[in-house]
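Inspection log for the structure reproduced underneath, given as structure tokens.
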């Protein structure tokens, strides 16, 4: 997986978002064991402590859980993953609608444009 970072947020938050995206897009399967902190940190080219913080914060959301001495795993709660997916989609739609409003489109014009582009894509 390609890790990408920018200056918009702390690295651990960006790690969290990328791991979360990999969970909801099924790059990581339900119940799958995650690579070790060191392996993930090495792959992302970040400090292991930064990756540890990201994973600890993800544990607080419930998307990831730890089993003592066995490592970290993706939740087996499909409903939780679906909710995370829905929430992320809602956030993206809200950002998009705000951007469209900022460039002068009404809600109706935006919906019309979405429908037009969707038809062109099919």
Quickly run through region 29-47 and pick out the residues that are loosely packed, with under 15 Cβ neighbours inside 10 Å and out of contact with any strand residue (DSSP E or B) (no Cβ under 9 Å at 6 or more places or on another chain). 38, 39, 42, 43, 45, 47
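Condition check ((1) under 16 Å from the mean Cα position of the chain (by Cα); (2) touching a residue at least 12 places away in the same chain (Cβ under 8 Å); (3) outside any helix (DSSP H, G or I)) across all residues:
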position: 4; (1), (2), (3): yes, yes, yes
position: 9; (1), (2), (3): yes, no, yes
position: 14; (1), (2), (3): yes, no, no
position: 21; (1), (2), (3): yes, yes, no
position: 31; (1), (2), (3): no, yes, yes
position: 49; (1), (2), (3): no, no, no
position: 54; (1), (2), (3): yes, yes, no
position: 83; (1), (2), (3): yes, no, no
position: 90; (1), (2), (3): yes, no, no
Here are 112, 66, 99: which of them is loosely packed, with under 14 Cβ neighbours inside 10 Å and either part of a loop (DSSP other than H, G, I, E, B) or touching a strand residue (DSSP E or B) at 6+ places or on another chain (Cβ under 7 Å) (or both)? 66
Residue 5 is checked against (1) modelled with pLDDT of 95 or more; (2) in contact with a helix residue (DSSP H, G or I) (Cβ under 8 Å, 6 or more places away or on another chain) and fails just one. What number does that condition carry? (1)
Going through 26, 79, 59 one at a time, which residue ends up being surrounded by 12 or more Cβ atoms within 10 Å (Cβ to Cβ) and part of a helix (DSSP H, G or I)? 59
Checked region 69-81 for anything touching a strand residue (DSSP E or B) at 6+ places or on another chain (Cβ under 7 Å) and either in contact (Cβ under 8 Å) with a residue 40 or more places away in the chain or not assigned by TED's automatic domain parsing to the domain that holds residue 35 (or both); matches are 73, 74, 75
Looking for something touching a helix residue (DSSP H, G or I) at 6+ places or on another chain (Cβ under 8 Å) and over 19 Å from residue 86 (Cα atoms) - is there at least one such residue anywhere in region 17-29? no
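The values are calculated or read from the model by the stated rules, or taken from the named source; none is laboratory data. Because the structure is a prediction, the values reported are computed rather than measured. Virtual Cβ from ideal backbone geometry, glycine too; neighbours counted across all protein chains shown.
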